[in-house]
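Have a look at the structure below, then the notes.
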Amino acid sequence: MAVNLVTEYKEHAQSSTWCPGCGDFAVVAAMQKALAALELPPHQVVAVTGIGCSGKFNYYLGANGFNSLHGRSLPVAQAIKIANRDLTVIAAGGDGDGYGIGIGHFLHAVRRNVDITYVVMDNHIYGLTTGQTSPTSKKGFVTKTTPYGAAEYPIRPLELALAGGAGFVAQGFSGDPKQLAEIMKQAVQHKGFSLINVYSPCVTFNHEETYEWWRQNLVNLDQEQGYDATDRTAAFRYVYEHNGLLRGVIFREERRDYQSELPGYAAEALVRQDLSQPVKDRAELLAAFM
Amino acid sequence: MTNADFNWKVGGAQGEGIDSTGEIFALTLHRMGYYVYTYRHFMSLIKGGHTNYKVRISPVQRRHRGDGLDLLVAFDQGSIDFSLPEMSPGSAIIYDSTSFEGRIPEGRNITLIPIPLTQMARDLGMVIMKNMVAIGASAALVGLPQDAFEGYLEERFGKKGDAVVETNRKVLAAGYNYALEHTDWRKPLPGLPEASKGKKRLFMHGNDAVALGAVVAGCRVVAAYPITPATEILYSVLKLLPKYGGVVLQAEDEIAACQMAIGANYAGVRAMTSTSGPGLSLMSESLGLSGASETPLVIVDVMRAGPSTGMPTKTEQADAFHAIYSAHGEIQRIVLAPSTVEDAFYDMQRAFNLADKYQVPVIVLVDLVLGLSKQTVDLEDIDFERIAIDRGKLLTTKDEVDAVVARLGHYKRYELTEDGISARALPGLEDAVHMVLSYEHDEEGNEMEERGMRVKQTRKRFNKMRSLNMDEWALRRTGPQNPDLLLVGWGSTEGQLEEAREQLTAGGLKVAHLQVGALYPLPAAAIRKEIEAAGKVLVFENNYEGQLLELIKQKVGHYDKVQASLKFDGDPFYVSEVVAMVKEVA
Ligand SMILES: Cc1ncc(C[n+]2csc(CCOP(=O)(O)OP(=O)(O)O)c2C)c(N)n1
Ligand code: SF4
């Protein structure tokens, strides 16, 4: 079943335009595997992206896809889930898309806690626009727009998500697609907003943070004895002390998702509601305006 | 006729309960069977600053606040000064003599009625009840029975216990009796036809109608960011939507709100966002997305005076160009402009149906006066029987998808069709897995830049609107054929233009009135016919540029006989201004 489903995803996928070796390939493959393992066929999944190399995620995933504007994957994704709670909704994009132009939506999506999974392919650079600095570029990073080195300090997405109250925060690495697929499985199953920041190397424009560099510098939480992913303060401290250089599930907590908090929100997907009902309720509706 | 109406107003400092006082008065008279039309003057601050609430009371339906003022309740001298220009000969001013000595210029035929409103309220209850004293006094002088407000008191204060109701009743009675004893000034309200007495009608503003219209039209998601003067739409929709499982969501900004409306529409749920000019500015990119991806979208822009932050609480009709042209590149869209509360109600179903049918953004332009002026509307004029939901080419079942697959081999979201409209499949249907995208694309939804397909897809997006004919429904016309003068307006000006037409007609002019209900596409052929048949044409607008006139020049043609009559000070037209503008040229 699972194997067939991966094939099904691949059949729907468009052909790729990513540079050979781009980290994003592994992200798509891991997601196909995770969704297949969860027995979710492509038609029940919608992947929403913004703009960027990583914004092509949904073209290559092979599920339903909505490719919005730069930075705008999250509002669209949340609304799709609200409109049809039976769909599995994944938002995806780059670090510029999510933590630059889209940072406002990111923080609010964290606190709104709509049941979607957000995958950020974090390569510390703007890929599609051919190599400018990104909000996650380290201080001093030399790019086309920062020839003297980036002056700003990088955004710290994991801490932001933790501080914002996220119920599921994880980080993956394109160099370990197996772990990534496992994280994705858990994230998709998590009820509420889940963030997976994926270190996904840009082999073309980031020659510092290479697969090799990440491999040497990332601490794998799966191998950390005694790490407790249910303790938010400890998670925060761990991320801070490791300068974010971790991979694995960093924090998880069961929380009621947005839709569970809405009075009157229907158990049946909104998209299947009978739209003619209000016409029958005329007297009652008009009573509100007398 | 106009002079049969009674215009009442209460004015004071913001934060003094002026709005609720006005609403008590208006609602009570409305329930008695009068047609009321209210107009709020207020500012974008919470305390201090002048505010007033005007109520026009008439035995017949009125569409604007009226020119004159018969009775003013003033809690400060500023309120008198502000409203003096409106005061009719023989009118009166009740002022709060506890706090100031009311003054009017020499020679004005206005009766000053000092009543210690604050003192009386303090003695009998609490200072804030000074509004009740004023209502009592007003009631006495316009010939209402003392118990006219009884029902309202029960409804409003009943929950707080009998004592509270009783105190309010006492305070109101004190004002009533004091007024009768201390002044001879009287001006009775117009008589009510027997059939109108106690007749059940609606008391709502355009924003209420937008909300109601949306819900009845099947809207189930409203995402918006608070902004004057559109926030009331959220309040109204919050009263209506939860019953249907719908969601009202306050987004983090208008960009998100609009993107959410697009997302929900993509998923198959009718969704909208409501905003004002500053928010619409933030939605430009989303207009483009809706247009390029062919995803339905409904935006309601309750227009306030711009530019930029402008005058948030003042009215204007200056977002026509914004609505029609904003977003880069070329997309198709539809811009509707309701003139009345009833229009606003029906235009919402029209907006959703058009958005679904043509898979384009639809913007509904409501001006502030229409959005915020609560008024009496006849029940039969909000006719749910006229609501017909048409989702256009929307595939909602596997069978429908199968039929497409049988025809095409597989589902194509952007199929090049005869009418330019390609079927939208709900995400979630088997065998209809597809991409929707902001990039240029081929029929399957692959991003591409191939020249031939680019041209085809662009033509398709524009061609799909060819079947849309606004000429048939988007104009409302009154008056004789081949008039010497044609008054043209859009939005809330209809009431004033219509009354001006009546006055001018009575004065011997052959005048007709044309109200335009859609700005894009403009019902150009129908407008051309009207212009060509008229002697002179005046286009009345609350903006500086004469935006409708410019659109007419663009789409209908250049005519020397067509001129603009413009007012852009944030205040709606008075009938007298319209008449004066006509006399300048006619
Ligand atoms: C409003 C807007 N501004 C700028 C752009 C140009 N742009 C496209 S993608 C991008 C950044 C891409 O970087 P990132 O989001 O990190 O994704 P990556 O390409 O690295 O995967 C920019 C600036 C745009 N498409 N829209
Ligand atoms: S430029 Fe970088 S991010 Fe873009 S496809 Fe190539 S390797 Fe991947």
Once all protein chains are kept in place, A:Glu209 shows an accessible area at probe 1.4 Å, nearest 10 Å², of 10 Å²
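For segment B:6-196, just say rounded, prolate or oblate: build the C-alpha gyration tensor, square-root its eigenvalues into a ≥ b ≥ c, call rounded for a/c under 1.5, and beyond that prolate if a/b exceeds b/c, oblate if not. It would help to have the intermediate numbers written out before the result.
Details: a/c = 1.31, a/b = 1.07, b/c = 1.23.
Because its axes are fairly even, with a/c under 1.5, segment B:6-196 counts as rounded.
Need one word for segment B:320-402: rounded, prolate or oblate. Basis is the Cα gyration tensor (sqrt eigenvalues a ≥ b ≥ c); a/c below 1.5 gives rounded, then a/b vs b/c decides. Each step should come with its number before you reach the end.
Numbers: a/c = 4.20, a/b = 1.27, b/c = 3.31.
Because a/c hits 1.5 or more and a/b fails to exceed b/c, segment B:320-402 counts as oblate.
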SASA check, A:Cys53, accessible area w/ 1.4 Å probe, all protein chains in place, rounded to nearest 10 Å², comes out at 40 Å²
Of the listed pairs A:Lys144/B:Lys412; A:Lys33/A:Lys56; B:Lys529/B:Lys567; A:Lys10/B:Lys398; B:Lys510/B:Lys567, those with alpha carbons more than 29 Å apart are A:Lys144/B:Lys412
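How big is D for segment A:1-110, in µm² s⁻¹ as a whole number, if Stokes-Einstein is applied with the Kirkwood radius of its Cα pairs at 4 °C and 1.567 mPa s? Walk me through the numbers before you get to the answer.
Working: Rh = 13.9 Å.
The estimated diffusion coefficient comes to 93 µm²/s.
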When the charge dipole of chain A is computed with +1 at the Cβ of Lys and Arg and -1 at the Cβ of Asp and Glu, the Cα pointing farthest to the positive end, of A:Phe289, A:Gln179, A:Val110, is that of A:Phe289
Once the in-chain neighbours fewer than 8 apart are removed, the lysines whose Cα is under 29 Å from B:Lys199 read A:Lys280, B:Lys9, B:Lys54, B:Lys159, B:Lys160, B:Lys170, B:Lys187, B:Lys239, B:Lys243, B:Lys374
Here segment A:211-222 yields Karplus 3J(HN,Hα) values (6.51, -1.76, 1.60; θ = phi - 60°; whole Hz; Gly and Pro given as x) of 3, 4, 4, 4, 4, 6, 9, 7, 8, 8, 5, 4
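With all protein chains present and a 1.4 Å probe, how do B:Asp571, A:Asp274, B:Asp378, B:Asp184 order by accessible area, largest first? Walk me through the numbers before you get to the answer.
Values: B:Asp571 40, A:Asp274 85, B:Asp378 15, B:Asp184 145 Å².
Ranking B:Asp571, A:Asp274, B:Asp378, B:Asp184 by accessible area, largest first, yields B:Asp184, A:Asp274, B:Asp571, B:Asp378.
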Long-range share for segment A:154-290, i.e. C-alpha pairs more than 24 Å apart as a percent of all pairs, stands at 46 percent
Note to self: Kirkwood Rh of chain B, Cα pairs, one decimal, Å, is 25.7 Å
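Suppose R0 equals 60 Å; then what is the FRET efficiency for A:Lys10 and B:Glu150 from their Cβ-Cβ distance, rounded to the nearest 0.05? Present the calculation step by step, with values, prior to reporting the outcome.
Numbers: r = 74 Å, r/R0 = 1.24.
The calculated FRET efficiency here is 0.20.
Sorted by accessible area with a 1.4 angstrom probe, largest first, how do B:Ile113, A:Ile155 fall? Kindly include the intermediate steps, with their values, before the conclusion.
On the way: B:Ile113 5, A:Ile155 50 Å².
If we order B:Ile113, A:Ile155 from most to least accessible, we get A:Ile155, B:Ile113.
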Applied in sequence order to segment B:362-374, the curve 6.51 cos²θ - 1.76 cosθ + 1.60 (Karplus, θ = phi - 60°) yields integer Hz couplings, x standing for Gly and Pro, of 10, 10, 9, 9, 10, 7, 3, 4, 5, x, 10, 7, 6
Helix A:177-189 sits off the longest principal axis of the Cα atoms of chain A, rounded to the nearest 10 on a 0 to 90 degree scale, by 20 degrees
Rounded to the nearest whole number, the per residue volume of the convex hull around the C-alpha atoms of the protein assembly as shown in Å³ is 195 Å³
per DSSP, antiparallel bridges as share of beta bridges in chain B, % nearest 5, sits at 35 percent
Magnitude of the Cβ-charge dipole (Lys and Arg +1, Asp and Glu -1) of the protein assembly as shown about the Cα centre, nearest 20 debye, reported as 420 debye
Along segment B:268-278, Karplus-curve 3J(HN,Hα) (6.51, -1.76, 1.60; θ = phi - 60°) to the nearest Hz, with x for Gly and Pro, reads x, 9, 5, 9, 9, 10, 10, 6, 10, x, x
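Hand me the chymotrypsin sites (Phe, Trp or Tyr not before Pro) from segment B:544-575 located in a DSSP loop with no more than 13 other Cβ atoms within 10 Å, in residue order please. Intermediate values should be presented prior to the final figure.
Details: sites: B:Tyr544, B:Tyr559, B:Phe568, B:Phe573, B:Tyr574; in loops: B:Tyr544, B:Tyr559, B:Phe568, B:Phe573, B:Tyr574.
In loop regions of segment B:544-575 (DSSP not H, G, I, E or B), the sparsely surrounded chymotrypsin sites (Phe, Trp or Tyr not before Pro) are B:Tyr544.
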SASA check, B:Lys456, accessible area w/ 1.4 Å probe, all protein chains in place, rounded to nearest 10 Å², comes out at 110 Å²
Hull volume per residue for segment B:474-585, using the convex hull of the C-alpha atoms, in Å³ is 90 Å³
The Cα extents of segment B:204-379 along the principal axes, largest first and rounded to whole Å, are 42, 38, 28
Sorted by chain and then number, the residues having a modelled amide H within less than 5 Å of the amide H of B:Thr313, at least 5 places away or on another chain, are B:Ser44
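Per DSSP helix of 4 or more residues, -39500 (n - 2.57); summed, then divided by the residues of chain B. What does that give at 222 nm, rounded to the nearest 500? If you can, show how the numbers build up before the last one.
Values: 20 runs with 217 residues, N = 586.
The per-residue figure over chain B is -11000 deg cm²/dmol.
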The rounded separation in angstrom of the Cα centers of segment A:1-46 and segment B:145-180 is 70 Å
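The values are calculated or read from the model by the stated rules, or taken from the named source; none is laboratory data. Here the structure is a predicted model, which is why all the values come from computation and not from measurement. Counting neighbours? That spans all protein chains shown, and the Cβs are built from the backbone with ideal geometry, glycine included. Just so you know, the surface numbers come from the protein's heavy atoms only, side chains and all, with ligands and any DNA or RNA stripped out. Shrake-Rupley method; radii C 1.70, N 1.55, O 1.52, S 1.80 Å.
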